[in-house]
Amino acid sequence: MLRVEGLVVRYGAIEALKGCDLSVGAGAAVCLLGANGAGKTTLVRALAGWERPVAGTIELQGRDVTRLPPWERQRAGLGVVPEGGRVFGDLTVEENLRVSGRDADTRIGLELFPVLTERRTQRAGTLSGGERQMLSLARALAGRPRLLVIDEVSFGLMPRAVESIFGVLARLRDEGMSMLVIEQEEARALGLCARAYVLSQGAVQLEGPSGELAGSEALRAAYLGGAGSAAG
Ligand code: ATP
């Protein structure tokens, strides 16, 4: 579904991604962990097409999309829920869902998040943080993606909202949606996804089945950028 090879992204003199490699199989749920500043959001931005890599490739369903603009990646099956969500505050919940595209399917999100149906005619700017993230996810789903890339959806939310959103992600996973879940809440991410990557200093330091990585010394070491010790 997704293959990233040798991805390099620079902000001036700062190399935020230094040759990042990862992949997500069809129907797989994979998480990407890493400390602040590891390069996670930069990867999301490069996948979405908002940041131009200086080297490397991004393939979606076998197609090289590295040079494609964001909307063409969306058409190729990519759905992105960016950090902090992305909604139009002045538009209603329903209008936000409609602007997701010409063939937007607004029902999926409304069915998954009943609270959005209740808030249908409410302006998105008046929603709670959790509801905004739900709407952001619903917007991504309205584009009928084959792969969801979700950046720190739990950040700053009340535990109940996180619970509810992860419940929906688990349901999508069970229905076979491919997803790359970027998270700070390590235990939740490892519980949701069968496989995990740890990014540190712009490169993948560790990769493996979530069950093996959870609580392991290798996971700790990888967070700190210890590629050598993480191999053991
Ligand atoms: P966080 O969890 O804090 O969001 P992250 O893993 O998502 O961290 P990035 O936001 O991708 O990390 O940042 C990677 C590196 O690139 C950091 O050193 C950061 O300071 C730097 N960086 C990010 N955005 C910019 C920018 N627009 N200009 C310059 N440097 C940037």
Subject >> the range 156-232-the range 77-117 distance, computed between alpha-carbon centres (Å) >> reply: 25 Å
Subject >> Signed unit charges on C-beta, dipole axis of the chain, positive-most listed residue G49, T92, G37 >> reply: T92
Original post:
For L199, which sequence-distant residues (separation of 5 or more, or a different chain) have an amide H within less than 5 Å of its own amide H, given hydrogens modelled in the peptide plane?
Top reply: L33, G34, Q205
**OP:** Taking the Cα centre of the range 5-80 as origin, sum charge times position over the Cβ atoms of Lys and Arg (+1) and Asp and Glu (-1), and report the length of that vector in debye to the nearest 20.
**Re:** 200 debye
Original post:
Mind checking the dipole of the chain: about its Cα centre, +1 per Lys or Arg Cβ, -1 per Asp or Glu Cβ, Debye to the nearest 20?
Top reply: 540 debye
Subject >> Segment R144-D174, extension gain: residue separation times 0.36 nm, minus the distance between their alpha carbons >> reply: 9.2 nm
Subject >> Calculated from backbone phi, Karplus (6.51, -1.76, 1.60) coupling profile of the range 191-196 in Hz, x at Gly/Pro >> reply: x, 7, 10, 6, 10, 9
Original post:
Counting only residues 5 or more places away or on other chains, whose amide H sits under 5 Å from the amide H of L91 once H atoms are built in the peptide plane?
Top reply: A124, G125
Original post:
Once label points are set 7 Å from the Cα along Cα→Cβ at both N36 and E212, what is their separation, rounded to one decimal in nm?
Top reply: 3.2 nm
Original post:
Which length gain, in nm to one decimal place, applies between V115 and D90 when the Cα-Cα distance is subtracted from 0.36 nm times their residue separation?
Top reply: 7.1 nm
**OP:** Kindly put D151, D64 in sequence by how many other C-beta atoms sit within 10 Å of each C-beta, fewest to most.
**Re:** D64, D151
**OP:** Using every Cα-Cα pair within the range 1-95, state what percent have a distance larger than 17 Å.
**Re:** 53 percent
Subject >> Virtual spin-label span in nm between W50 and R75, 7 Å along Cα→Cβ >> reply: 2.2 nm
**OP:** Count charges around G208 for me, please; just the other residues with Cβ under 15 Å from its Cβ, Lys/Arg as +1, Asp/Glu as -1.
**Re:** -3
Original post:
Is it possible to state the helix-based mean residue ellipticity at 222 nm for the chain, with each DSSP H run of 4+ residues giving -39500 (n - 2.57), the sum divided by total residues, to the nearest 500 deg cm²/dmol? What is it?
Top reply: -9500 deg cm²/dmol
Original post:
Going by how many other beta carbons lie within 10 Å of each one, how would you line up Y197, Y223, Y11, fewest first?
Top reply: Y11, Y223, Y197
Original post:
Near L60, within a Cβ-to-Cβ distance under 15 Å, what is the net charge of the other residues, with Lys and Arg +1 and Asp and Glu -1?
Top reply: +3
Original post:
What FRET efficiency do you get for K18 and R220 if R0 is 22 Å and r is their Cβ-Cβ distance, rounded to the nearest 0.05?
Top reply: 0.55
Original post:
Convex hull over the alpha-carbon atoms of the chain: what's its volume per residue in Å³?
Top reply: 117 Å³
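Laboratory data are not the source of any read-out in this text; all were calculated from the coordinates shown. Computed from a prediction, not measured in an experiment: that's the story for all the values here. Quick reminder, even Gly has a Cβ in these numbers, built from the backbone with ideal geometry, and neighbours come from all protein chains shown.
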